[in-house]
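What follows is a set of notes on a single structure, which appears directly below.
The values are calculated or read from the model by the stated rules, or taken from the named source; none is laboratory data. Just so you know, these numbers come straight off a predicted model, no measurement behind them. Note that each Cβ is placed from the backbone with ideal geometry, even for glycine, and that neighbours are counted across all protein chains shown.
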Amino acid sequence: MTRALIVHRASPGTSVQDAGRPGHLADGLSRGGAADRLALAEGAALLRQDTACAALEMPGMGGEFEVTKDMRIALTGAPMRASIDGARIVWNASHALPAGARLSIGAAESGSYGYLHLGGGLATPSILGARSAHLAAGIGAPLAPGSRLPVAPDPRPGDTGQLLDVPSRFEGGTIRVVPGPQTGFFSPAERERFTSMGFRRDTRGNRMGVRLLCDGEGFHSEAGLSVLSEVITPGDIQITGDGSPFVLLSECQTTGGYPRIGSVLPCDLPRVAQARPGDTLRYTFVTLDEAVEAERRAASHIRTLRNHLRPLVRDPGTMHDLLAYQLISGVTAGDDLERGM
Amino acid sequence: MSAAPQWPRIATLGVDGFLISFGDRLSEPANRAALAFRAALDQAGWAGVEETSTSLTSAYLRFDLMSQTHAALRDRLEKLLSTRDWTTASLPEGRRLWRIPTVYGTDQAPQLDEAASAAGLTRDEAIASISATRVRVQTIGFAPGQPYLGELPECWDIPRQTKLSDNVPAGALVVAIRQLVLFSVTTPTGWRHIGQTAFRLFRPEADAPFLLRPGDEVLFTSTTPDKLENMRNNDPDGGATSEVLP
């Protein structure tokens, strides 16, 4: 039997994602790829494999999965309750998933996008140079129940039980923004107001972008609604006709005509993508030099993620009587799994 | 905006990009300059440049922050800009003329009347005006293979809507600010939906996934809903034809 991941059930919008397909901007196709690219890198580090490996992106909640051969998995991104054959397993960690065992992943406890990585990576067909579904462009599609996804050979079988400490980026927070060519369309007073208030993430949001809601009046530019369509990049904050800011994410359009007040730093974009409806986001302008420095630090962090791995002290995947164990020990608060032990 | 802007103008876009703009109003020279300057960037092949593209009047480049600096790249951009007058560049080679059958109005394109009225035309005048104008692909953008086309007569200088229309279908012909866009995917839009075609602009499974190229010209010839339905069912090109322009 070939190595495959069987998807018994998956949340709507679950899709195969990798780092996306750069190089087609001039043809109107945005890069796409994982909404939270840091989560992709974290999964690759946990399995000590290439960051180009494709994983499953699960919006809001996970699903029920099985593998046809013994495999390694890692779970990253928005923390979700996960178990193997009923035994809780730790998030931001790597685990052994035996053939035929049932992997259950529940609703996100915070954040929006969780990721399931497999040793070797998903080996679905590459289209225009990547395996990522680009839902807005009609490349690939959300997974249907019963899907079987091929998994590439794993060069490091048995290498599991690693944990990565991940500072939370799943509850909104302050987002750094650089000015762009259209920032000047907004008066200093409007820009000041933009950075002085908190925004709630709207329920409307997907891989293309998220809409932000503010309690006050919408934002207005001097350019109005007749701006020439201009190049857009992920992170750009466009102000749509009703004055609401809309932050563009990985699957955004490549050009657009709504004026943009600035652009979120790529390293802060996972925090925007992961915010849940109702979470509060704030914006602060930084200089280009500060932004470059932040990006270089973030890239260095990603390059050295593997240095931060540490062994899982107890692998709850092997603790079938977890509840009883905690009662007997009597020394944990009962939430050590949520804390990542 | 204070003083009159100088063109061309170099600005940063995001943390890792430059936008080289040749105007803030659409014009033939600015569009030619953007296309030609992007071609020159690709030709130059500078280390650290990861991707280039164009919009209507700008060229864009994205670069690797780990191996390039803004200062060094800006310097190179200024030098390349100064090598010639980009606004007099020729159009790309191998341009084609496309004829794409289009249903104007009806329940397939419900905003024709509204757009005609905004342009100060009757419905029939609007159809006659759009279907007789040979528009050129000025850039491909927004969605895969999706053309911005222009330039329409001055009466079509109508703004976008303040609210987005939900999910206009692929193949929709929409209008605003003297331009047409032909949608390659289903999308919400601020533009008004005046025509419907059965032309597939993006074919991810094909060897040549993107059909139109900047510089191509298009006539949106008027057809009936019945004929379009027939073409949609029997012709992958939705009745569209093309010929190479001399």
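Residues in segment B:142-157 that are at the interface with chain A (Cβ under 9 Å from one of its Cβ atoms) and surrounded by fewer than 24 Cβ atoms within 10 Å (Cβ to Cβ): how many? Can you show your working first?
Looking only at segment B:142-157, we keep the residues that are at the interface with chain A (Cβ under 9 Å from one of its Cβ atoms), and these are B:142-148, B:157.
Restricting the remaining residues to those that are surrounded by fewer than 24 Cβ atoms within 10 Å (Cβ to Cβ) gives B:157.
The qualifying residues number 1.
What number goes with the only condition from (1) closer than 20 Å to A:Thr233 by Cα; (2) at the interface with another protein chain (Cβ under 8 Å from one of its Cβ atoms) that B:Gly23 does not pass?
Exception for B:Gly23: condition (2).
Would you confirm, using the coordinates I've provided, whether A:Pro167 is free of Cβ contacts under 8 Å to residues at least 24 places away in the same chain, within 14 Å of chain B (Cβ to nearest Cβ) and closer than 29 Å to A:Gly278 by Cα? Give the steps one after another, and end with the answer.
On the way: free of Cβ contacts under 8 Å to residues at least 24 places away in the same chain: yes; within 14 Å of chain B (Cβ to nearest Cβ): no; closer than 29 Å to A:Gly278 by Cα: yes.
No, not satisfied.
Which of the following residues is touching a Leu at 6+ places or on another chain (Cβ under 8 Å) and surrounded by 21 or more Cβ atoms within 10 Å (Cβ to Cβ): B:Val175, B:Val185?
Only one candidate passes the filter, namely B:Val175.
In the set B:Leu219, B:Leu173, B:Leu201, B:Leu228, which member is without any contact (Cβ under 8 Å) to a residue 60 or more places away in the chain and not hydroxyl-bearing (Ser, Thr, Tyr)?
Numbers: B:Leu219 fails: without any contact (Cβ under 8 Å) to a residue 60 or more places away in the chain; B:Leu173 fails: without any contact (Cβ under 8 Å) to a residue 60 or more places away in the chain; B:Leu228 fails: without any contact (Cβ under 8 Å) to a residue 60 or more places away in the chain.
The match here is B:Leu201.
Could you say whether any residue in segment B:67-78 is without any contact (Cβ under 8 Å) to a residue 40 or more places away in the chain, more than 14 Å from chain A (Cβ to nearest Cβ) and either acidic (Asp, Glu) or surrounded by fewer than 19 Cβ atoms within 10 Å (Cβ to Cβ) (or both)? Walk me through it before giving the result.
At the first step, the residues of segment B:67-78 found to be without any contact (Cβ under 8 Å) to a residue 40 or more places away in the chain are B:67-69, B:71-72, B:75-76.
With the extra rule that they be more than 14 Å from chain A (Cβ to nearest Cβ), the set shrinks to B:75-76.
Pick out the ones that are also either acidic (Asp, Glu) or surrounded by fewer than 19 Cβ atoms within 10 Å (Cβ to Cβ) (or both) and you get B:75-76.
Yes - at least one qualifying residue is present in segment B:67-78.
Would you call A:Phe199 modelled with pLDDT of 90 or more, more than 10 Å from chain B (Cβ to nearest Cβ) and within 28 Å of A:Gly13 (Cα to Cα)? Break it down into steps so the answer makes sense when it comes.
Details: modelled with pLDDT of 90 or more: yes; more than 10 Å from chain B (Cβ to nearest Cβ): yes; within 28 Å of A:Gly13 (Cα to Cα): yes.
Considered against the rule, which asks whether it is modelled with pLDDT of 90 or more, more than 10 Å from chain B (Cβ to nearest Cβ) and within 28 Å of A:Gly13 (Cα to Cα), A:Phe199 comes out as yes.
Can you pull out the residues in segment A:125-164 that are within 14 Å of chain B (Cβ to nearest Cβ), part of a loop (DSSP other than H, G, I, E, B) and in contact (Cβ under 8 Å) with a residue 40 or more places away in the chain? Show your work before the answer.
So in segment A:125-164, the residues within 14 Å of chain B (Cβ to nearest Cβ) come out as A:125-141.
Filter once more, keeping what is part of a loop (DSSP other than H, G, I, E, B): A:125-126, A:128-129, A:131-133, A:138, A:140-141.
Those that are within 14 Å of chain B (Cβ to nearest Cβ), part of a loop (DSSP other than H, G, I, E, B) and in contact (Cβ under 8 Å) with a residue 40 or more places away in the chain: A:Leu128, A:Gly129, A:Arg131, A:Ser132, A:Ala133, A:Gly140, A:Ala141.
Would you please name the residue that is farthest from the other protein chains (Cβ to nearest Cβ), looking only at residues in segment B:158-172 that are crowded, with 19+ Cβ neighbours inside 10 Å and assigned to a loop (DSSP other than H, G, I, E, B)? Walk me through how you get there before you give the answer.
Quick first cut of segment B:158-172, residues crowded, with 19+ Cβ neighbours inside 10 Å only: B:158, B:160, B:168, B:170-172.
Next, only the ones that are assigned to a loop (DSSP other than H, G, I, E, B) stay: B:158, B:160, B:170-171.
Working: B:Ile158: 9, B:Arg160: 5, B:Ala170: 8, B:Gly171: 13 Å.
Per the stated criteria, the residue is B:Gly171.
Does segment B:226-240 include one or more residues that are in contact with a Leu (Cβ under 6 Å, 6 or more places away or on another chain) and either of a type in the set (Asp, Glu) or buried (at least 18 other Cβ atoms within 10 Å of the Cβ) (or both)? Spell out how you get there, then give the answer.
Pass one, segment B:226-240, residues in contact with a Leu (Cβ under 6 Å, 6 or more places away or on another chain): none.
No: segment B:226-240 contains no residue that is in contact with a Leu (Cβ under 6 Å, 6 or more places away or on another chain) and either of a type in the set (Asp, Glu) or buried (at least 18 other Cβ atoms within 10 Å of the Cβ) (or both).
Is there any pair linking a residue in segment B:17-33 that is of a type in the set (Lys, Arg) to one that is assigned to a loop (DSSP other than H, G, I, E, B), with Cβ under 9 Å and at least six apart or on different chains, and which?
Here the result reads B:Arg25/A:Leu228; B:Arg25/B:Thr57; B:Arg32/B:Phe22; B:Arg32/B:Ala89; B:Arg32/B:Ser90; B:Arg32/B:Leu91, each pair linking segment B:17-33 to a residue that is assigned to a loop (DSSP other than H, G, I, E, B).
With respect to A:Pro167, is the statement that it is modelled with pLDDT of 95 or more and farther than 30 Å from A:Ala99 by Cβ true?
On the way: modelled with pLDDT of 95 or more: no; farther than 30 Å from A:Ala99 by Cβ: yes.
So A:Pro167 fails the test.
From the set of residues in segment B:176-218 that are part of a strand (DSSP E or B), touching a Ser or Thr at 6+ places or on another chain (Cβ under 7 Å) and of a type in the set (A, V, I, L, M, F, W, C), which is farthest from B:Leu26 (Cα to Cα)?
Applying the filter and picking the extreme gives B:Phe202.
Which count do you get for residues in segment A:279-298 that are part of a loop (DSSP other than H, G, I, E, B) and more than 10 Å from chain B (Cβ to nearest Cβ)? Please lay out each step first, then the result.
In the first step, residues of segment A:279-298 are kept if they are part of a loop (DSSP other than H, G, I, E, B); the result is A:279, A:286-287.
Among the residues that remain, those that are also more than 10 Å from chain B (Cβ to nearest Cβ) are: A:279, A:287.
Matching residues across segment A:279-298 total 2.
Restricting to segment B:7-20, count the residues that are in a strand (DSSP E or B) and more than 7 Å from chain A (Cβ to nearest Cβ).
Looking only at that region, the number is 4.
For segment B:81-107, name all the residues that are of a type in the set (S, T, N, Q) and outside any strand (DSSP E or B). Please lay out each step first, then the result.
In the first step, residues of segment B:81-107 are kept if they are of a type in the set (S, T, N, Q); the result is B:82-83, B:87-88, B:90, B:102, B:106.
Selection gives B:Ser82, B:Thr83, B:Thr87, B:Thr88, B:Ser90, B:Thr106.
Failed condition for A:Leu309, given (1) surrounded by 13 or more Cβ atoms within 10 Å (Cβ to Cβ); (2) over 20 Å from the mean Cα position of the chain (by Cα); (3) touching a residue at least 60 places away in the same chain (Cβ under 8 Å), with all others met?
(2)
Could you figure out which of (1) within 12 Å of chain A (Cβ to nearest Cβ); (2) buried (at least 22 other Cβ atoms within 10 Å of the Cβ) isn't true of B:Phe63?
Checking B:Phe63 against (1) within 12 Å of chain A (Cβ to nearest Cβ); (2) buried (at least 22 other Cβ atoms within 10 Å of the Cβ), the one that fails is (2).
Residues checked against (1) among the charged types (D, E, K, R); (2) modelled with pLDDT of 95 or more:
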{"site": "A:Leu249", "(1), (2)": "no, yes"}
{"site": "A:Leu265", "(1), (2)": "no, yes"}
{"site": "A:Ala275", "(1), (2)": "no, yes"}
{"site": "A:Arg282", "(1), (2)": "yes, yes"}
{"site": "A:Ile302", "(1), (2)": "no, yes"}
{"site": "A:Val313", "(1), (2)": "no, no"}
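Only residues that are touching a residue at least 60 places away in the same chain (Cβ under 8 Å), in a strand (DSSP E or B) and hydrophobic (A, V, I, L, M, F, W, C): list them for segment A:175-227, please.
Correct list: A:Ile175, A:Val177, A:Val178, A:Phe199, A:Val210, A:Leu212.
Which residues, counting only those in segment B:181-219, are within 12 Å of chain A (Cβ to nearest Cβ) and of a type in the set (A, V, I, L, M)? Lay out the reasoning, then the answer.
Quick first cut of segment B:181-219, residues within 12 Å of chain A (Cβ to nearest Cβ) only: B:181-191, B:200-214.
Of everything in segment B:181-219, those that are within 12 Å of chain A (Cβ to nearest Cβ) and of a type in the set (A, V, I, L, M) turn out to be B:Val181, B:Leu182, B:Val185, B:Leu201, B:Ala206, B:Ala208, B:Leu211, B:Leu212.
The rows are residues; the columns are (1) crowded, with 24+ Cβ neighbours inside 10 Å; (2) farther than 15 Å from A:Val151 by Cα; (3) within 14 Å of chain B (Cβ to nearest Cβ).
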| site | (1), (2), (3) |
| --- | --- |
| A:Ala41 | no, yes, no |
| A:Asp50 | no, no, no |
| A:Ala93 | yes, yes, no |
| A:Ala107 | no, yes, no |
| A:Ser110 | no, yes, no |
| A:Gly114 | yes, yes, no |
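Given the structure, is A:Leu40 hydrophobic (A, V, I, L, M, F, W, C), closer than 23 Å to A:Gly13 by Cβ and out of contact with any Gly (no Cβ under 9 Å at 6 or more places or on another chain)?
Taking the combined requirement at face value, the residue does not satisfy it.
Might you check whether a residue that is within 11 Å of another protein chain (Cβ to nearest Cβ), assigned to a helix (DSSP H, G or I) and at pLDDT 95 or above occurs anywhere in segment B:42-53? Before the answer, list the steps.
We begin by selecting, within segment B:42-53, every residue within 11 Å of another protein chain (Cβ to nearest Cβ); these are B:42, B:50-53.
Then keep just the ones that are assigned to a helix (DSSP H, G or I); that gives B:42.
Now narrow it down to the ones that are at pLDDT 95 or above: B:42.
Checked segment B:42-53: at least one residue is within 11 Å of another protein chain (Cβ to nearest Cβ), assigned to a helix (DSSP H, G or I) and at pLDDT 95 or above.
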